[in-house]
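Read-outs: derived from the displayed coordinates by stated rules, not from any lab. Here the structure is a predicted model, which means the values were calculated and not measured. Note that we place each Cβ from the backbone using ideal geometry, even for glycine, and neighbour counts take in every protein chain shown.
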Amino acid sequence: MNLKFYKYQGAGNDFMMIDDRAQVFVQRQDIIERLCDRHFGIGADGLILLQKDLNSDFKMVYFNSDGRESTMCGNGGRCIVRFAQDLGLIDSQTSFEAIDGLHEAVLEKDKIHLKMSNVSQVDQFPSHLFLNTGSPHHVEFVQEVAQVDVKHKGNQIRYGVPYFDEGANVNFVEVIDGNALKIRTYERGVEDETLACGTGITAAAIAAFESGKISVDEVSVSAVGGELSVRFEKNSSGGYENIWLTGPAEFVFEGNFEVRN
């Protein structure tokens, strides 16, 4: 298999992009895992296929760096939108299909606004909150996020009760300046801390509002890899809708790879 790839990143969360409208990419876990490996492959937090879709501009198929197809990725969603623009498929706005349904996006020169899935429920526990923003997220508020051993503690929570093998992404969040957040995230499927996680940033903003730690519905969030923002509306049923994740999405480089068995 000899194909062209493109590398994109959103706030340091990096992805291999493949134009798979002809659907020739072989979706094998071992191949994807090898390509994403930072020592023996190209290196990425995940691999994303852009495919044709009958009802929208394109379809996004996302794989974690462990080679398994995964749930929605917010930074990956913004990156594939920029990729589609660079391919000449879209202009300043788009809609595309992902594993959790249809998404809209608005493009600007230095950032992309991505509409996320509605959140119907936020579960609060004494130590954390849990919600699904297209991917499942455990959100834990801490005093100093810089001091957290994210890889060790995140791994323990990710495989622990009640998540077990299916797992959840684990976010450690610090409230700063009254209504802004700092975040660090352990991502399942990557099995390590990533520089940013779009669905995690979305989850943190909603969890902070739901728990009364912030009082605004447009939140600035500082991840290790950059600055993002989330805006949302709480509906009469107690859920959240009109959720928009905003942040950068940039081309890094392109190349070709050949996979030999």
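Values computed for the structure shown
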| read-out | value |
| --- | --- |
| Ellipticity estimate at 222 nm from DSSP helix runs (n ≥ 4, -39,500 (n - 2.57)) divided over the chain, nearest 500 | -5000 deg cm²/dmol |
| Kirkwood hydrodynamic radius of the chain, Cα pairs, Å | 18.4 |
| Those lysines that a straight Cα-Cα span of less than 21 Å connects to LYS52, excepting residues fewer than 8 apart in one chain | LYS4, LYS7, LYS115 |
| Among PHE40, PHE232, PHE15, residue whose mean-square fluctuation peaks in a GNM of the chain (springs only between Cα atoms under 10 Å) | PHE40 |
| Note, ³J(HN,Hα) from phi for region 95-104, Karplus 6.51, -1.76, 1.60, rounded to Hz, x at Gly and Pro | 9, 8, 9, 10, 5, 9, x, 7, 10, 10 |
| Three-way shape call for region 180-261 based on the alpha-carbon gyration tensor, with the a/c threshold at 1.5 | prolate |
| Kirkwood-Stokes translational diffusion coefficient of region 119-162, alpha-carbon pairs, 37 °C, 0.692 mPa s, µm²/s | 281 |
| Taking all pairs of distinct alpha-carbon atoms in region 1-113, Kirkwood radius in angstrom | 14.0 |
| Placed amide H near PHE5: partners under 5 Å, 5+ positions off or other chain | GLY255, ASN256, PHE257 |
| Lys, Arg +1 and Asp, Glu -1 on Cβ, resulting dipole of region 14-104 about Cα centre, debye, nearest 20 | 140 |
| Normalised alpha carbon radius of gyration of region 122-247 [divisor 2.2 N^0.38 Å] | 0.96 |
| Environment charge of ASP20, counting only residues whose C-beta is closer than 10 Å and scoring Lys/Arg +1, Asp/Glu -1 | +2 |
